[in-house]
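Input: a single structure, listed below in C-alpha cells.
The values are calculated or read from the model by the stated rules, or taken from the named source; none is laboratory data. Because the structure is predicted, anything quoted here is derived from the model rather than measured. Cβ: placed from backbone, ideal geometry, glycine included. Neighbour counts: every protein chain shown.
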Amino acid sequence: MVFLLVGLTGSGKTTYATQRLETTGAVRLSVDELLHARHGRYGVDYPERDYFALEAPVVAEVRERLVELIAAGCDVVLDHGLWTRAARDEWKKLVEEAGGRWRLLYFPVPREELLRRLQERNRRSDANALTVTEAALDDFYARFEPPHDEGEEIVEADGL
C-alpha cells in the first residue's frame, strides 16, 4: 500500500505520516527532507524561485525509491504535497504500474490555522521549517487544486 498525502504546507502530512503510518511499518519518503539535506531551508538558504529546479532531481530519486519499495513488498508513505490533480494522477499511475495499491489522504486545513502553524514552524530550523510568509501561503493556495472525486479520504486536522 502506498499512502499519497495531499495538502498544503503545514496541513499535518508529516505529523500524520510519522505518528500514524511509520509506526505501523510504512517507509516514509519525504521530498522536503531530502531537499533540505542537500540545499538547506526554503527561502533562507536558497531563494524561493529556485525551489522547482532543486526539487526536480529529488522527486525523480523518490520516484525510483518508491518503485523499489513496492517491488520489495513494503508499505510506503509519500510525504509530498501533491498539489495538482495531474501530479496525483502521475503518482497513482506509477504506483499501479509498479504493482502497488494507493490510498489518497487529503488534509484540508483552514487558512487561518495554516498561518498559525507556519508562524510556529518558521521559528524552527529542521527540514519542515520552511520560511513561509503570508504572501507565499497565498501563492500556495493559488496553485493548489483540492482533490475532488479522486478517491480521496479526508484526514481532519483534529485527527492528528
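Select from segment 1-32 the residues that are under 25 Å from ASP138 (Cβ atoms) and in a helix (DSSP H, G or I) and list them in ascending order.
LYS13, THR14, THR15, TYR16, VAL31, ASP32
Do you know which residues across segment 84-109 are surrounded by fewer than 20 Cβ atoms within 10 Å (Cβ to Cβ), outside any loop (DSSP other than H, G, I, E, B) and among the charged types (D, E, K, R)?
Within segment 84-109, ARG85, ASP89, GLU90, LYS92, LYS93, GLU96, GLU97, ARG103 qualify.
Given the structure, is GLU120 more than 27 Å from ASP50 (Cβ to Cβ), modelled with pLDDT under 95 and over 15 Å from the mean Cα position of the chain (by Cα)?
Taking the combined requirement at face value, the residue does not satisfy it.
Are any of the residues in segment 63-83 farther than 19 Å from GLU33 by Cα, outside any helix (DSSP H, G or I) and under 13 Å from the mean Cα position of the chain (by Cα)?
Within segment 63-83, not a single residue is farther than 19 Å from GLU33 by Cα, outside any helix (DSSP H, G or I) and under 13 Å from the mean Cα position of the chain (by Cα).
Are any of the residues in segment 35-46 under 20 Å from GLY12 (Cα atoms), out of contact with any Ser or Thr (no Cβ under 7 Å at 6 or more places or on another chain), surrounded by fewer than 20 Cβ atoms within 10 Å (Cβ to Cβ) and in contact (Cβ under 8 Å) with a residue 12 or more places away in the chain?
No, because not a single residue in segment 35-46 is under 20 Å from GLY12 (Cα atoms), out of contact with any Ser or Thr (no Cβ under 7 Å at 6 or more places or on another chain), surrounded by fewer than 20 Cβ atoms within 10 Å (Cβ to Cβ) and in contact (Cβ under 8 Å) with a residue 12 or more places away in the chain.
Only one of LEU69, LEU21 is among the hydrophobic types (A, V, I, L, M, F, W, C), modelled with pLDDT of 95 or more and surrounded by fewer than 20 Cβ atoms within 10 Å (Cβ to Cβ). Can you tell me which?
The conditions single out LEU69.
ALA26 - would you say it is surrounded by fewer than 21 Cβ atoms within 10 Å (Cβ to Cβ) and closer than 18 Å to ARG65 by Cα?
Considered against the rule, which asks whether it is surrounded by fewer than 21 Cβ atoms within 10 Å (Cβ to Cβ) and closer than 18 Å to ARG65 by Cα, ALA26 comes out as yes.
Only residues in segment 62-75 that are of a type outside the set (Asp, Glu) count as the first member; pair them with residues that are assigned to a loop (DSSP other than H, G, I, E, B) and modelled with pLDDT under 95, Cβ under 9 angstrom, at least 6 apart or cross-chain, and list the lot.
From segment 62-75, the pairs are VAL62/HIS80.
In the list PHE140, PHE52, which residue meets the criterion of being among the hydrophobic types (A, V, I, L, M, F, W, C), loosely packed, with under 15 Cβ neighbours inside 10 Å, modelled with pLDDT under 95 and part of a helix (DSSP H, G or I)?
PHE52
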